[in-house]
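What follows is a set of notes on a single structure, which appears directly below.
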Amino acid sequence: MDDMEEWPEIEKAAAGKRRELVLQGSTVDERISSNGGLTSTIYSLTLLNYLEVSQCPSLTEIHEDIQHLTNLQSLILCRNKLASVPNVVGSLKSLKVLDLSVNNLRVLPEEITQLKELNTLNVSCNSLEVLPEGLSRCTKLSNINISKNHITGFPADFYSEKLDLLSTLVASDNSIDQLSGDIHKLAALKVLDLSNNKLSEIPSDLSDCPKLKEINFKGNKLNDKRLEKMVNGCQTKSILDYLRGKGKREEGGEADGGRNADKGKRQQQRKKKKVAEEKDEMEELNKMVVRVLHVSDAATALTVTVSAEVKDVRPYLVCCVVRGMNLKPGNALKRFLVAQTKLHDDLCGKRTIATIASHDVQLLKSPLIYDVKIPTQLKIASLGRKEMTAVELIRHLQLEADELRKQKKRQNVTGLHKYLQILQGKTHYPCLVDAEGHVISFPPITNSEKTKIKKTTKELFLEVTSATSLQTCKDIMDALIVKMAELNKFTAEHQDEAGSDGEGGGPPDLAASNETSSELIVQQVRTVDQEGNLKVVYPSKTDLSTDISNLTVIW
């Protein structure tokens, strides 16, 4: 029978009104095989904004009822055996990410060109021969990957000023035999990969792409053997310089009248290009980069198991691991802790809405369990204190809060009072427990001295918990990561501060001062239930979708 009992993930998503659903692997594939396809109940989850069905060889088609999932922003259907995609995919007007990679597709529906919000299209590793006409209507496209197909060329409208956000085009391992000089119309293009195709010429106009930083034409048999040698061994700048010079030489072969007529135009173009390059250099200097490391790409990915009992206490949790946060120079650590406190005061409503905790990954003993304990049995060595039970700790904090109120002669309760009251009347308290049974976090009260971050911390495990909603946790984690990117950039630009806080009394740390990269790497962390079913993965492709212009998120 085809019902929700056979699809517990769908049943839970429906009951919890979840916005994310991931179905993947052999267990799901067996169900698809015996059912003759995906269960129809999946198309009733109209709240979904992220749907992934992957690694299921038995999945050969998607039903037209997918048109009912109008809130979808990410549709990931990779590593299946899809032979076609229904035309109704064009009705998913909110779709931003469409991943159809590693399937058996021979053609894409033209209706894909109706997806006005689409910014990422991945159709690599299929059997496509052409791309649909009209892709220029998808004006928000930023990343396109069509590698490892049988494509012979781009549609006529593809080289269009309308695609002014297209920054990455990967089209390697195809049969493309011509690249139009109109490629320069893709003004935002930064990465172009046309390796292993059938190109014989590279147009000199490519050098007029003002933001182009990385090109790959290896594996093409070019007529210009000098250029072919360069593309197999030289850097992008050298190739572009050669193409630019080649273009000038070609112009020099024209009649004098034509050359003089175009001289002013060429000078104007060079001036515009110089201005664009200077602007791009400023953008590069101001840019903050966050790179997401997927769970499948991590050798030792952390997973958090969530017990069923937390549902009635503090049910929502998202986690991730951050690398590349340089806390060593100067006041970098202090700035991070101050920023975390400010987030607690503002977005987290003095911890009444949500709570952030940060840990040193090297001090964690995984696997981790998000669980509940009886207050008298929950023991934690909180920051700056000896180990005590939760009851004793809250009593101490309550006395401190009362004393603070008396000192400041306040009538109203303080922020500390407010978040202490969250647990009043609870028979069990929430906690994050490591593999040795130690409580490393007791939200919303404190986290443990055992996993306290220091200047030497290289990897941070971040958690956000809430009793409000999962989206609240995600929004606050998004804000925290953006703030960390800002702080890291500030640290990289102020290396001379190293040692300014007086710790150690010695000279600045030269090793730390050489760590100038401000790129953050955010590794996904999954939270699962006690049966191992996925509850949430953070970040997903619908997260970190910030509008901050100088923040680049690389997936």
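The values are calculated or read from the model by the stated rules, or taken from the named source; none is laboratory data. All of these numbers come straight from a predicted model, not from anything done at the bench. As a convention, Cβ positions derive from the backbone with ideal geometry for all residues, glycine included, and neighbour counts pool all protein chains shown. Remember, those area values only see protein heavy atoms, side chains included, never the ligands or the DNA or RNA. Shrake-Rupley method; radii C 1.70, N 1.55, O 1.52, S 1.80 Å.
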ask   = Within the range 110-123, can you find the residues that are open to solvent by 10 Å² or more (accessible area, probe 1.4 Å) and either of a type in the set (S, T, N, Q) or assigned to a loop (DSSP other than H, G, I, E, B) (or both)?
value = Q114, K116, E117, N119, T120, N122
key: Residue that is farthest from T527 (Cα to Cα), among those in the range 341-370 that are of a type in the set (A, V, I, L, M) and open to solvent by 70 Å² or more (accessible area, probe 1.4 Å)   = L347
ask   = Cβ-Cβ below 6 Å, separation at least six or inter-chain, first residue in the range 12-32 and closer than 19 Å to T472 by Cα, second open to solvent by 40 Å² or more (accessible area, probe 1.4 Å): which pairs?
value = K17/L47; R19/L47
query = Would the range 487-509 turn up any residue that is buried (at least 23 other Cβ atoms within 10 Å of the Cβ), outside any strand (DSSP E or B), modelled with pLDDT of 85 or more and of a type in the set (A, V, I, L, M)?
reply = no
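Please determine, by comparing only the residues of the range 10-69 that are of a type in the set (G, A, S) and in a helix (DSSP H, G or I), which one is surrounded by the most Cβ atoms within 10 Å (Cβ to Cβ).
Filtering the range 10-69 down to residues of a type in the set (G, A, S) leaves 13-16, 25-26, 33-34, 36-37, 40, 44, 54, 58.
Still in the list and also in a helix (DSSP H, G or I): 13-15, 26, 33-34, 40, 44.
Details: A13: 24, A14: 17, A15: 9, S26: 10, S33: 13, S34: 10, S40: 12, S44: 16.
So, considering only residues that are of a type in the set (G, A, S) and in a helix (DSSP H, G or I), the one surrounded by the most Cβ atoms within 10 Å (Cβ to Cβ) is A13.
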ask   = Condition test on L131, is it touching an Asp or Glu at 6+ places or on another chain (Cβ under 8 Å) and assigned to a loop (DSSP other than H, G, I, E, B)?
value = no
message = Being over 30 Å from L487 (Cα atoms) and within 24 Å of the chain's Cα centre (by Cα) is the requirement here; does V306 meet it?
response = yes
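Would you confirm whether any residue within the range 84-105 is charged (D, E, K, R), within 21 Å of V28 (Cβ to Cβ) and either part of a helix (DSSP H, G or I) or open to solvent by 10 Å² or more (accessible area, probe 1.4 Å) (or both)? Steps first, answer last, please.
Pass one, the range 84-105, residues charged (D, E, K, R): 93, 96, 99.
With within 21 Å of V28 (Cβ to Cβ) added as a condition, the list becomes 99.
Still in the list and also either part of a helix (DSSP H, G or I) or open to solvent by 10 Å² or more (accessible area, probe 1.4 Å) (or both): 99.
Scanning the range 84-105, I find at least one residue that is charged (D, E, K, R), within 21 Å of V28 (Cβ to Cβ) and either part of a helix (DSSP H, G or I) or open to solvent by 10 Å² or more (accessible area, probe 1.4 Å) (or both), so the answer is yes.
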key: Pairs where the first residue, in the range 181-197, is farther than 19 Å from K162 by Cβ and open to solvent by 50 Å² or more (accessible area, probe 1.4 Å) and the second is of a type outside the set (F, W, Y) and at pLDDT 90 or above, C-beta under 6 Å, 6+ apart   = N196/S172; N196/D173; N196/G219
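If I ask for residues that are polar (S, T, N, Q) and either open to solvent by 40 Å² or more (accessible area, probe 1.4 Å) or assigned to a loop (DSSP other than H, G, I, E, B) (or both), which ones from the range 522-540 would you list?
From the range 522-540, those polar (S, T, N, Q) are 523-524, 527, 530, 533, 540; that's our starting set.
Within the range 522-540, Q530, N533, S540 qualify.
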